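Here the structure is laid out as structure tokens; the discussion comes afterwards.
The values are calculated or read from the model by the stated rules, or taken from the named source; none is laboratory data. Everything numeric in this text was worked out from a predicted model, so none of it was measured. Positions of Cβ are backbone-derived with ideal geometry, glycine not excepted, and every protein chain shown enters the neighbour counts.
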Amino acid sequence: MKFYLAPMEGLTGFVFRNAYQKHFGNIDTYFTPFINNKKMNYKEIKDILPEHNEGMHVVPQILTNRAEDFLAIAKELGNYGYESVNLNLGCPSGTVVAKHRGAGFLAVPEELDHFLEEIFAECPLRISVKTRVGVNDAGEWEHLLSIYEKFPMEELIIHPRVQKDFYNNTPDMEAFLYAVENSRHTLCYNGDICSVEDYRTWRQQMEEKRKCAFMQESGQQTDPEDTGSLVSHLMLGRGVLKNPGLIGELTGHAPITKDQFHAFHDDILKGYLDVMSGERNTLFRMKELWFYFAKYFTEPEKYVKQINKTQHVAEYRVIVDNLFREQEWEQK
Ligand SMILES: Cc1cc2nc3c(=O)[nH]c(=O)nc-3n(C[C@H](O)[C@H](O)[C@H](O)COP(=O)(O)O)c2cc1C
């Protein structure tokens, strides 16, 4: 199984990626949060600079509905040495969607088709696509997938929710399995894999699909030669933020200890302090992370409140050290 880190704006930038790589190093590909400026801004450039991403396989993500802009950004990324880019067709945020970008682009499939035609004809870099399965309901998915099938994409990453779901409801496995059955592309699954249990259930679903497909083709029960999984690429986001040891656990390793988590946290803090101007910016980033980091501490509420309130790194450190010392960290 290949594991990818999901792009998460404000969370999985190069500071997080470097700390993760140093402490855990079990991600095959890191996808950057989206770039959406035709001329990349300072923050976007900092995130993709090769010297900020050493020793990692990184794929930058682009969010746009203008082929000309996509090609300009891809060209610039090519100049930095990247060979592959990812197109964001999943962002559900209102402002993005209103402009028919991200998941909003799925509302105008003919325009999307035309856009894909242009970028696949012109882009010198390999292109993968990260998509939702529709805007309003999964009835849109069959048509969208038929469009994706026309293009030689490196990979199709599917988060099987529709835009209207945002992050609510549960991933639509039927829509994902429809793609498994009908797509010629290499597929990657994304969505709500946050524990070993979630992973097992997902693998079982894939395994059943594989058996079914084999039975239909051959009339036999199972193929003794085939021990592989039907889908062998998995992208994880929130699960890794709540439990940075998750991928280790999925690959048979012991859960990480509280001390390992603490050391990982400290490197992220140090990373932000090194590259951000002012304590406030660093604290802003750390506060966003704690929305996820706090998940498995026994009684985190009091500390999280203090973290959210503080304006000073020295005070922040004391609160975090207290939390790590006074509370247990365990998966419920
Ligand atoms: C705060 C936040 C920021 C995100 N930013 C991006 C982004 O920049 N690009 C993108 O394709 N998806 C983005 N996503 C979606 C994730 O990449 C992923 O598809 C989603 O969280 C589902 O996977 P998960 O259940 O493993 O977290 C974001 C999600 C969240 C919660």
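Scanning segment 142-171 for residues that are under 25 Å from Lys2 (Cα atoms), aromatic (Phe, Trp, Tyr) and either within 15 Å of the ligand (Cβ to nearest atom) or not in a loop (DSSP other than H, G, I, E, B) (or both) turns up Tyr148, Tyr167. If you check Asn281, Asn243, which single one turns out to be polar (S, T, N, Q), touching a helix residue (DSSP H, G or I) at 6+ places or on another chain (Cβ under 9 Å) and within 16 Å of the ligand (Cβ to nearest atom)? Among Asn281, Asn243, only Asn243 is polar (S, T, N, Q), touching a helix residue (DSSP H, G or I) at 6+ places or on another chain (Cβ under 9 Å) and within 16 Å of the ligand (Cβ to nearest atom). So for segment 197-217 (the condition being in contact with a Gly (Cβ under 8 Å, 6 or more places away or on another chain), over 25 Å from Gly104 (Cβ atoms) and among the acidic types (Asp, Glu)), does at least one residue qualify? Yes, segment 197-217 has at least one match. Per this entry, Val135 is counted among residues that are over 28 Å from Arg17 (Cβ atoms), buried (at least 18 other Cβ atoms within 10 Å of the Cβ) and among the β-branched types (Val, Ile, Thr). Condition test on Ala74, is it modelled with pLDDT of 95 or more, in a helix (DSSP H, G or I), surrounded by 20 or more Cβ atoms within 10 Å (Cβ to Cβ) and in contact with a Cys (Cβ under 9 Å, 6 or more places away or on another chain)? When the stated conditions are applied, Ala74 passes them. Count of segment 272-290 residues, restricted to those that are within 20 Å of Arg238 (Cα to Cα) and loosely packed, with under 15 Cβ neighbours inside 10 Å, is 1. Annotation note: of Lys46, Lys39, the sole residue that is among the charged types (D, E, K, R), away from the ligand (no atom under 15 Å from the Cβ) and not in a helix (DSSP H, G or I) is Lys39. With respect to Lys39, determine if the residue is assigned by TED's automatic domain parsing to the domain that holds Leu89 and at pLDDT below 95. The answer is yes for Lys39. In the condition set (1) within 17 Å of the chain's Cα centre (by Cα); (2) of a type in the set (D, E, K, R); (3) assigned to a helix (DSSP H, G or I), Glu9 is compliant with all but (3). For Ser146, the conditions (1) hydroxyl-bearing (Ser, Thr, Tyr); (2) under 24 Å from Leu246 (Cα atoms); (3) more than 17 Å from the chain's Cα centre (by Cα) are fulfilled apart from (2). Selection over segment 177-208 of residues that are closer than 18 Å to Arg238 by Cβ and in contact with a strand residue (DSSP E or B) (Cβ under 6 Å, 6 or more places away or on another chain) gives a count of 4. Looking across segment 3-27 at every residue that is within 15 Å of the ligand (Cβ to nearest atom) and under 27 Å from Glu207 (Cβ atoms), the one that is surrounded by the fewest Cβ atoms within 10 Å (Cβ to Cβ) is identified as Phe3. Checked against (1) in contact with a Lys or Arg (Cβ under 9 Å, 6 or more places away or on another chain); (2) within 25 Å of Glu111 (Cα to Cα); (3) within 13 Å of the ligand (Cβ to nearest atom); (4) without any contact (Cβ under 8 Å) to a residue 40 or more places away in the chain, Val85 passes all but condition (4). Looking only at segment 171-217, residues that are in contact (Cβ under 8 Å) with a residue 12 or more places away in the chain, out of contact with any Asp or Glu (no Cβ under 6 Å at 6 or more places or on another chain) and more than 25 Å from Glu140 (Cβ to Cβ) come to 7 in all. From the list Phe31, Phe14, the lone residue that is within 30 Å of Gly139 (Cα to Cα), in contact with a Lys or Arg (Cβ under 8 Å, 6 or more places away or on another chain) and among the aromatic types (Phe, Trp, Tyr) is Phe31.
Tell me whether segment 55-78 contains one or more residues that are of a type in the set (Phe, Trp, Tyr) and more than 15 Å from the ligand (Cβ to nearest atom). No: zero hits.
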